[in-house]
Amino acid sequence: MIMAPELRKVALVAHVVSSVGSLGAVAAFLALAIVGLASQDDRVVRSAYVATEVLARTVIVPLVLASLLSGLVQSLGTAWGLFRHYWILAKFLLTLLVVVVLLLQVKAIVYVGVASLGTTMSNTDLLDLRRSLVVHAAGGLVVLLVTTALSVYKPHGVTRYGWRRYYRPRPGG
């Protein structure tokens with residue numbers, strides 16, 4: 001079902017805002033995670049991890065989920081379709097990957113944030129988890145940049161389904 005033009009524009013704005021917003025929020029998360037890992041000042045470290053936890057739960061998770069859902073609405077409600085073009089399918093799969101990894105990481109993010117409130121944190125406390133936050137945020141940022149580039153460049157190429165849908169001879173035609 002193709003959406004009416006007004007509804008399509010609203011859905012597009014929601015998708016662009018949630019996608020670009022999640023990109024910015026993940027960049028902020030990465031900066032905070034790097035500060036938390038690199039700083040020698042206990043107060044800065046604790047503040048950074050509390051902020052990452054709040055940012056992840058209240059901003060990043062909702063924006064990434066909104067991006068996934070609004071992207072589905074855009075693809076299924078417009079002539080672009082979800083399975084017709086490789087770039088759309090790639091964006092969907094990459095966004096799905098981001099959602100899955102993010103949801104798996106939330107527990108660790110919350111754990112580090114809560115642990116940083118309880119006591120002073122030395123540079124070696126929860127070091128593996130703190131490094132993991134940086135690595136996952138950097139990876140997520142790269143994936144979100146790729147999905148943004150795919151949206152802008154829209155590389156040519158249709159899937160087999162898209163080719164059959166567009167180029168298959170129609171009966172009686």
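In table form, for the structure just shown:
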quantity: Between helix 86-118 and the chain: long-axis angle, C-alpha atoms, 0 to 90°, nearest 10; calculated: 20
quantity: Amide hydrogen neighbours beyond the local backbone of HIS85, cut-off 5 Å, H modeled; calculated: THR159
quantity: Contour excess over end-to-end distance, with Cα ends at SER151 and LEU76 and 0.36 nm allotted per residue; calculated: 25.4 nm
quantity: Solvent exposure ordering (accessible area, 1.4 Å, most first) of PHE83, PHE92; calculated: PHE83, PHE92
quantity: Probe 1.4 Å, accessible area per residue of the chain, Å²; calculated: 58
quantity: Apportionment of accessible area to carbon and sulfur, the chain, percent (1.4 Å); calculated: 72
quantity: Additional length obtainable on full extension of the chain from MET3 to LEU129, 0.36 nm per residue less Cα span; calculated: 40.9 nm
quantity: Full-stretch length increase - ALA138, ALA31 - with 0.36 nm per residue and alpha-carbon distance subtracted; calculated: 37.6 nm
quantity: 3J(HN,Hα) from dihedral phi, the stretch 9-22, Karplus parametrisation 6.51/-1.76/1.60, rounded to Hz, x for glycine, proline; calculated: 5, 5, 5, 5, 4, 4, 5, 5, 5, 5, 5, 5, x, 5
quantity: For a label point 7 Å along the Cα-to-beta-carbon line of THR159, residues of the stretch 81-104 with backbone N under 11 Å; calculated: 81-93
quantity: Projected-area mean, the chain, by convex hull of Cα positions, square nanometres; calculated: 11.4
quantity: Of every Cα-Cα pair in the stretch 1-85, the percent that sits beyond 16 Å; calculated: 60
quantity: Expected 222 nm ellipticity per residue - DSSP helices of 4 or more, -39500 (n - 2.57), all of the chain, to 500; calculated: -26500 deg cm²/dmol
quantity: Sequence-distant lysines (8 or more away, or on other chains) whose Cα lies within less than 25 Å of LYS9; calculated: LYS91, LYS154
quantity: Largest to smallest accessible area among TRP80, TRP87 [probe 1.4 Å]; calculated: TRP80, TRP87
quantity: Probe 1.4 Å - accessible area at ASP41, Å² to nearest ten; calculated: 60
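The values are calculated or read from the model by the stated rules, or taken from the named source; none is laboratory data. Given the structure is predicted, the values throughout are model-derived calculations rather than measurements. For neighbour counting, all protein chains shown are included, and Cβ atoms are generated from backbone atoms with ideal geometry for every residue, glycine included. Surface accessibility is based on the protein's heavy atoms, side chains included, excluding ligands, DNA and RNA. Shrake-Rupley method; radii C 1.70, N 1.55, O 1.52, S 1.80 Å.
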